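A quick write-up on the structure given underneath.
The values are calculated or read from the model by the stated rules, or taken from the named source; none is laboratory data. Since this is a predicted model, take the numbers as computed values, not measurements. Every residue, glycine as well, gets a Cβ built from its backbone with ideal geometry; the counts of neighbours run over all protein chains shown. The protein model used for the area step is the full one, side chains on, heavy atoms only, and it has no ligands, DNA or RNA in it. Shrake-Rupley method; radii C 1.70, N 1.55, O 1.52, S 1.80 Å.
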Amino acid sequence: MMSTQHSIAAEKFQEDKKQASWHNETLWFVREKRDRMSKSLPEWEELRTIAEKIKLHSVSNLDIYLEEFSKNAEANGVIVHWAKDAKEHNDIVYDILSKHKVKKLVKSKSMLTEECHLNPYLIDKGIDVIESDLGERILQLNHTAPSHIVMPAIHMTRQEVGELFEEKLHTEKGNSDPTYLTRAARASLRNDFLTADAGMTGVNFAVASTGEIVVCTNEGNADMGTSLPDLHIAVMGMEKVIPDHEALSVYTRLLARSATGQPVTTYTSHFKKPKKGGEMHVIIVDNGRSEILTNNEHIKSLNCIRCGACMNTCPVYRRSGGYSYTYFIPGPIGINLGMLKDPHKYTDNVSACSLCYSCNNVCPVKIDLADQIYEWRQNLDSLGAASSSKKMISLGMQFLFTHPTLFNTSLKFTSLINWVPRSMAFGLKEWEEGRSLPKFAKESFTSMWKKGKIKTIKKDEQ
Amino acid sequence: MKIGLFIPCYVNTVYPEVAIASYKLLTHFGLDVDYPVDQTCCGQPMANAGFENKALPLANRFNSMFETFDYVVAPSGSCVGFVKDSYPKILEKEGCLSEVSSKVYDICEFLHDILKINKLPGRFQHKVSLHNSCHGLRELKLGSASELNIPSFSKVKDLLGLIEGVEVVEPAKIDECCGFGGMFSIEEPAVSICMGQDKIKNHINTGAEFITGPDSSCLMHMGGIIEKQNLPIKTIHVVQILSAGL
Ligand code: SF4
């Protein structure tokens, strides 16, 4: 009765205790690395404040900065496209690819193409799409989606990866040594890099004042994918634009430290113009973002730099895994982005939060993630998406609590089930699964107070 | 100084000893403490479940009940946080002001910041593991949250330091949520229980006899798991330790 899709999926995830606990501890380890890194910068909290302000400023002046960016990019010889939604984005990509007769495309991870379902669209049209990010590559071979935005295959054990590679890349049987597997993936990718006709990357930051885009990776695959073929297509959500290099310096200091606990990503690649004789395209995508701009309560979610820190700290995400969420971005930011995308479709994720507020504290751009989730809960009823049992419980509680006499009389009973309205019994089964019910004291404080017992209380009576 | 004692509904009925300890502590410092007997619940459970509007009549009642006091003090960080942060928003929608929100305090915060107490009688010869409740920590700022790069402090630890004999230790993953979260605990039982078990395990690993903290709701959740699974640790609200010699 109370279950959401998330809670059902989470329960399933919990069935494999060993794997669930490994998931929890591995991500916690990253959170701890993030803590150490953030504490090595005395100005950390100040940086977060500045980062928040720059983003708020940029997204509220998006028209100005996007225009500046596109003007400068075009002056550098880059071809700029605008896509209002996922379909337009995919069509533009395909259009460019078919003009160049591209048979094979090498991609470096972009959550935006995931959002637009680009891969199946292109594969359908006969284009060979190769993910070059190791995690993404593993998932592509496995035909599954990312479960984390920075560590997309974090839910898989190295044994599982070993078995997958055995089958797909013909690696040694039973060898799941990470270095060995990484080398095997690299070797197979090398051939793809050499034979690809085009490279595609996401965009971490688009610098308005210079018209350049910045891509942060740890594997150098964005460089590999773009330096061999003559065609580079970069795709970005329109909120990725920031004013200038000074702003960029704030984010590059925050991003890697928040994401993986490194001081900086291994490769921070700046792409400003096409290589000699080549072409560079940037596709700026709206796909619902301009609507968020007009939403005062949630506009801050456009600040997100996709570091994943909120997932690593989230006690619920760590114990339920990325696939328990129905939106393709999981965790605190995913709950919010999903609701912004389609509140009816993604409402089940809203239960995945204990309102501990830790995400608010780690977010490098200070998005008030937990407050926003709380606000979403307030809206469920008007969306017609509220759980009827929760509604009954709340109504029952309101009735009881606004009638103190009834409340105080009901206290005379000895167990919670008699105390709370019957509707509360909906929750009792769930509570009792792993917890004993709290027992009533022999006498409530109110009753003792009324009898004057409290005022005469002496030492040792407690 | 007139103090209105705010005892959240479940403390009133399940943990009256916490309410008594709070009363003892406040009166020990010579304060004029009164308890409005018609109080019930602040409305937080409904609001966290997504029915903030159901808390409106409760917020109104709460306001009129406590408006004459100089301070409103309660032994539950999460309920205090709700009155402080959410009442103004809920009442504003009705065009009303929330008078009490600016004078409501968690009892630890009150003893530490307002009364600035530096002495307490009594001994508590036990090892206790400190439980930072999320709302106390991140909403009321009773201590420095581990995620932030700010000087470390803990008002609750400072207060426990006044009691002779008590040894305070802290668990691994010091600020991790215990998994209660009001309705979260029944809506997401698998994760909630797992969070509770993990948290208790970390508390037990400190070698402490008690888990103590400023919020009875976390203690109730963990207490439920401890009892069901017969785990070797007990829970005790921090005011019970602070009032040990009164
Ligand atoms: S919401 Fe904040 S913490 Fe989460 S991914 Fe985005 S920037 Fe990182």
Discussion item. Can you say whether B:Leu91 is more than 10 Å from every other protein chain (Cβ to nearest Cβ), in contact (Cβ under 8 Å) with a residue 60 or more places away in the chain and open to solvent by less than 30 Å² (accessible area, probe 1.4 Å), as far as the supplied structure shows?
Written reply: no
Worksheet item: Which residues, taken from segment A:285-321, are within 13 Å of the ligand (Cβ to nearest atom), within 14 Å of another protein chain (Cβ to nearest Cβ), of a type outside the set (Ser, Thr, Tyr) and in a helix (DSSP H, G or I)?
Response: A:Ala309, A:Cys310, A:Met311, A:Asn312
Worksheet item: Residue check: is B:Ser133 away from every other protein chain (no Cβ under 14 Å) and among the polar types (S, T, N, Q)?
Response: no
Discussion item. Any residue that is hydroxyl-bearing (Ser, Thr, Tyr), at pLDDT below 95, open to solvent by 10 Å² or more (accessible area, probe 1.4 Å) and more than 30 Å from A:Ala196 (Cβ to Cβ) - is there at least one of those in segment A:291-300?
Written reply: yes
Practice prompt. From A:Ser351, A:Ser324, grab the single residue that is more than 13 Å from the ligand (Cβ to nearest atom), small (Gly, Ala, Ser) and at pLDDT below 95.
Written response: A:Ser351
Worksheet item: Is it true that A:Asn336 is within 29 Å of A:Ile54 (Cβ to Cβ), more than 13 Å from the ligand (Cβ to nearest atom) and polar (S, T, N, Q)?
Response: no
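Condition check ((1) away from the ligand (no atom under 16 Å from the Cβ); (2) over 21 Å from the mean Cα position of the chain (by Cα)) across all residues:
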| site | (1), (2) |
| --- | --- |
| A:Lys87 | yes, yes |
| A:Ile92 | yes, yes |
| A:Lys107 | yes, no |
| A:Ser110 | no, no |
| A:Glu114 | no, no |
| A:Lys125 | yes, yes |
| A:Glu136 | yes, no |
| A:Ser147 | no, no |
Worksheet item: Given the residues A:Arg48, A:Arg36, which is the only one that is touching a residue at least 24 places away in the same chain (Cβ under 8 Å) and within 10 Å of another protein chain (Cβ to nearest Cβ)?
Response: A:Arg48
Discussion item. Restricting to segment A:354-380, give me the number of residues that are within 12 Å of the ligand (Cβ to nearest atom), among the small types (Gly, Ala, Ser) and in a loop (DSSP other than H, G, I, E, B).
Written reply: 0
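To keep it simple, each residue is scored yes or no on (1) under 14 Å from the mean Cα position of the chain (by Cα); (2) small (Gly, Ala, Ser); (3) open to solvent by 40 Å² or more (accessible area, probe 1.4 Å).
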| position | (1), (2), (3) |
| --- | --- |
| B:Ala59 | no, yes, no |
| B:Gly95 | no, yes, yes |
| B:Lys103 | no, no, no |
| B:Cys108 | yes, no, no |
Worksheet item: When you look at A:Pro343, is it within 13 Å of chain B (Cβ to nearest Cβ) and buried (at least 24 other Cβ atoms within 10 Å of the Cβ), yes or no?
Response: no
Worksheet item: Counting only residues that are part of a helix (DSSP H, G or I) and of a type outside the set (Asp, Glu), how many does segment B:214-246 have?
Response: 18
Practice prompt. Scan segment A:219-262 for residues that are charged (D, E, K, R) and away from the ligand (no atom under 15 Å from the Cβ) and jot them down.
Written response: A:Glu219, A:Asp223, A:Asp230, A:Asp244, A:Glu246
Fill in: Filter result for the condition that a residue is under 30 Å from A:Thr347 (Cβ atoms), surrounded by fewer than 15 Cβ atoms within 10 Å (Cβ to Cβ) and without any contact (Cβ under 8 Å) to a residue 60 or more places away in the chain, over A:Asp63, A:Asp16
A:Asp16
Item to complete: Could you figure out which of (1) without any contact (Cβ under 8 Å) to a residue 40 or more places away in the chain; (2) more than 9 Å from chain B (Cβ to nearest Cβ) isn't true of A:Glu11?
Response: (2)
Worksheet item: Can you tell me which residues in segment A:162-212 are at pLDDT 95 or above, within 26 Å of the chain's Cα centre (by Cα) and over 30 Å from A:Asn303 (Cα atoms)?
Response: A:Leu164
